[in-house]
1. Putting +1 on Lys and Arg Cβ atoms and -1 on Asp and Glu Cβ atoms, find which of GLN486, ILE705, ILE436 reaches farthest to the positive end of the dipole of the chain.
2. Projecting each Cα onto the charge dipole of the chain (Lys/Arg +1, Asp/Glu -1 at the beta carbon, about the Cα centre), which of TRP564, GLY673, ILE105 comes out farthest on the positive side?
3. What's the FRET efficiency of ARG229 with GLU646 using the Cβ-Cβ distance as r and R₀ = 51 Å, to the nearest 0.05?
4. Given the peptides 622-633, 196-207, arrange them by the average over their residues of other C-beta atoms within 10 Å, most packed first.
5. Along the Cα→Cβ direction, 7 angstrom out, place labels at ASP519 and ASP730. What is the inter-label distance in nm?
6. At what distance in angstrom do the alpha carbon centres of the range 552-620 and the range 64-96 lie from each other?
7. Using only alpha carbon pairs under 8 Å that are at least six residues apart, calculate the relative contact order of the chain and give it in whole percent.
8. So what is the relative contact order for the range 73-208, in percent, with contacts set as C-alpha pairs under 8 Å and at least six apart?
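The values are calculated or read from the model by the stated rules, or taken from the named source; none is laboratory data. Quick caveat, the model's predicted, so the values are computed rather than measured. Note that we place each Cβ from the backbone using ideal geometry, even for glycine, and neighbour counts take in every protein chain shown. These accessible areas exclude ligands, DNA and RNA; they are computed on the full protein's heavy atoms, side chains included. Shrake-Rupley method; radii C 1.70, N 1.55, O 1.52, S 1.80 Å.
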Amino acid sequence: MKFIKAGIVLLATIHMNASAQTVTDQKMNKFVDALMAKMTLDEKIGQLNLPQAGDFTTGQASSSNIAQKIQEGSVGGLFNIKGVEKIKDVQKIAVEKSRLKIPLIFGMDVIHGYQTTFPIPLGLSCSWDMPLIERSARVAAIEASAQGINWTFSPMVDISRDARWGRAAEGSGEDPFLGSAIAQAMVRGYQGDDLSRKNTIMACVKHFALYGAAEAGRDYNTTDMSHVRMYNEYFPPYKAAVDAGAGSVMASFNEVDGVPATANRWLMTEVLRNQWKFNGFVVTDYTGIPEMIAHGLGDLKTVSALSLKAGVDMDMVGEGFLGTIKESLKEGTLTEDQINMACRRILEAKYKLGLFDDPYRYCDVKRGKTEVFTPAFRKEARQTATQSFVLLKNDNVLPLKKQGTIALVGPLADAAENMTGTWSVAAEFSKSVSVIQGLKRAVADKAKILYAKGANLTEDAKLEENATMFGKTLHRDGRTTEDLKQEALKIAAQADVIVAAMGESAEMSGESSSRTNLDIPDVQKDLLKELLKTGKPVVLLLFCGRPMTISWESKNVPAILNVWFGGSEAGDAIADVLFGDVNPSGKLSMSFPQSVGQLPFYYAQKNTGRPLPEGKWFEKFRSNYLDVSNDAVYPFGYGLSYTTFEYSQIKLSDTTINRGGSITASVRVSNKGNHDGKEVVQLYIRDMVGSITRPVKELKGFKKISLKPGESQDVSFTINEELLKFYNGDLKYVAEPGAFKLFIGTNSRDLSEANFNLL
Ligand code: BGC
């Protein structure tokens with residue numbers, strides 16, 4: 001087993017004492033050998049089967065007679081059951097009624113918290129705060145394990161550079177370096193340094209691989225890219241999670257090189273196991289096996305055999321393994337060794353979780369009552385949410401004073417059910433803190449808060465219905481658009497300042513929530529325009545699960561605070577930041593484009609042979625557009641504060657790095673404003689000449705610092721050969737000699753630069 005040293009950007013793995021590890025492995029092997037010797041072929045195949053229990057379904061398939069199947073030994077695990085008593089009952093069937101009493105593994109989509117919900121992962125990633133992110137996963141693990149769960153389908157580490165893709169909400173944005181650090185922090189948080197502890201759970205890295213590169217941002221769509229790009233830009237976070245010791249990996253729905261990941265032997269065996277030395281188990285995504293029939297790979301028997309042979313061990317919901325692989329074995333398209341191997345890996349996972357020692361290890365009903373949604377966890381979630389918000393614009397409007405009259409308008413203002421965002425399976429939506437509750441609590445009797453909804457989510461009721469599923473209602477108002485607007489304008493007229501809680505609903509991002517238009521929806525934007533016409537200061541509280549196209553807003557609204565979906569404590573956290581009790585410090589992990597037409601969009605682009613000089617709009621015969629510049633509205637790494645930070649010029653300890661040597665780059669950062677503040681100091685590097693083309697800049701380091709007004713701090717980064725490595729055209733991981741540029745600054749656009757050479 002491996003565990004990782006905590007630290008902001010340290011990706012190094014330290015191995016447990018090797019001999020202790022060997023003894024543990026030997027004990028496990030002996031145990032599993034003995035158990036497998038007793039198992040029938042059917043029982044082995046049963047371990048590979050993962051049906052869903054409960055009423056939460058995302059696909060068509062559902063499994064019946066689960067209890068009977070468990071008793072027969074035809075089930076290896078279950079997922080998305082909520083409640084420790086229920087789980088205990090189900091486990092009882094497995095360990096008391098099945099022949100070999102093999103315990104089940106219980107999974108769940110614990111994506112950003114269990115019942116205490118943290119910001120959606122995209123928001124969380126904007127904190128750039130690894131201890132904080134790790135802690136959020138730790139809290140999730142404590143709560144989930146107290147409720148019987150020992151396996152989470154997280155972290156989701158898919159790089160996403162196309163904001164049309166709704167699942168951008170579930171990951172850490174566009175950058176492989178930041179994404180890798182977060183992937184490791186999450187695995188550490190879930191698994192701790194001992195998976196068999198009662199309050200740690202097994203991580204499942206997903207969706208392997210390239211799921212975020214779906215063409216045109218349409219969910220589940222084809223991906224197609226060069227191997228050089230895979231290795232340099234899309235693979236790093238999956239590999240980082242594997243290096244951190246993640247116990248399992250989930251195959252993605254999409255194809256890779258023309259073969260769905262679920263049947264892709266190169267991906268699952270060559271890359272994952274042979275190159276990365278992954279030794280856990282691989283599960284399909286939901287009905288990933290039968291979906292390969294629609295992909296056009298053959299019937300259920302064929303695709304199931306392909307999947308097992310590729311190196312997939314567990315079949316989520318599809319029942320392809322359960323129903324067909326015995327026959328394939330008879331026909332000789334599969335070997336018994338292949339079935340044994342998959343079964344062994346699943347039993348090993350159960351062993352590592354300590355389930356054979358005590359199948360009820362995660363079924364402590366007392367913990368279930370005392371360790372979930374506690375005041376302490378909610379406090380942590382509130383603090384964490386404040387760190388995820390990104391201040392995009394502030395023309396001297398924020399922070400607000402707790403005085404006078406504040407008009408709060410917009411469909412997200414009184415929307416407790418939407419605060420947790422997408423994938424919050426275990427949350428109790430009505431217990432979330434809405435914006436209106438948070439604001440009222442914060443001002444108490446010092447200021448007056450007037451509220452009007454002002455607009456529905458969209459003019460189109462059907463679209464709103466599609467975008468408010470799973471109980472995340474926005475309580476559509478039956479009045480006319482005009483009546484709603486007039487009511488809002490009336491309270492706006494009485495106010496000193498207007499806060500507009502607008503944007504997307506929680507389910508407008510997430511799975512199967514791709515969009516072609518990323519503007520603030522119609523009626524809301526109209527209302528925003530009317531509110532601005534009052535001439536009063538307007539703060540846009542932007543709710544979204546992805547970057548939105550807010551060029552117009554960036555020019556016309558005086559203050560914009562991007563609040564994503566902040567989790568169960570969102571309303572209080574929003575009030576903390578609006579009133580300046582917490583100074584915002586979030587930085588975007590995904591660029592905000594000007595237009596959907598620019599997508600996919602990311603800062604680490606290639607230069608092309610005809611680059612447009614930075615800051616320019618259009619030049620004939622350059623790589624650009626006639627109608628918009630190539631720039632972002634808000635670039636990667638961007639985010640303001642209520643204070644101002646000043647950066648000195650970069651100091652390099654040397655301008656030459658020898659092989660095996662290193663240099664230091666440092667800057668002095670000073671807080672020149674009047675508020676305590678946190679700043680994420682960012683390091684980017686450009687390899688000027690390479691054997692393959694290299695991006696115009698790549699994030700290679702970051703440090704989050706806290707400064708009081710008037711305070712300064714020296715921030716330094718070590719640059720060594722390792723940091724300059726990339727996968728070349730032969731997929732060798734190398735650092736090539738020559739000239740490099742180094743940039744340090746407050747975001748990926750506003751940077752100062754220096755030059756050095758690698759010998
Ligand atoms: C999603 C996965 C999720 C699984 C189980 C699928 O539809 O793609 O991310 O873990 O369902 O709920």
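1. ILE705
2. GLY673
3. Using R0 = 51 Å, I get an efficiency of 0.85.
4. 196-207, 622-633
5. That separation, rounded to one decimal, is 5.3 nm.
6. Here the two parts' Cα centres lie 45 Å apart.
7. Contact order relative to length: 13 percent.
8. 26
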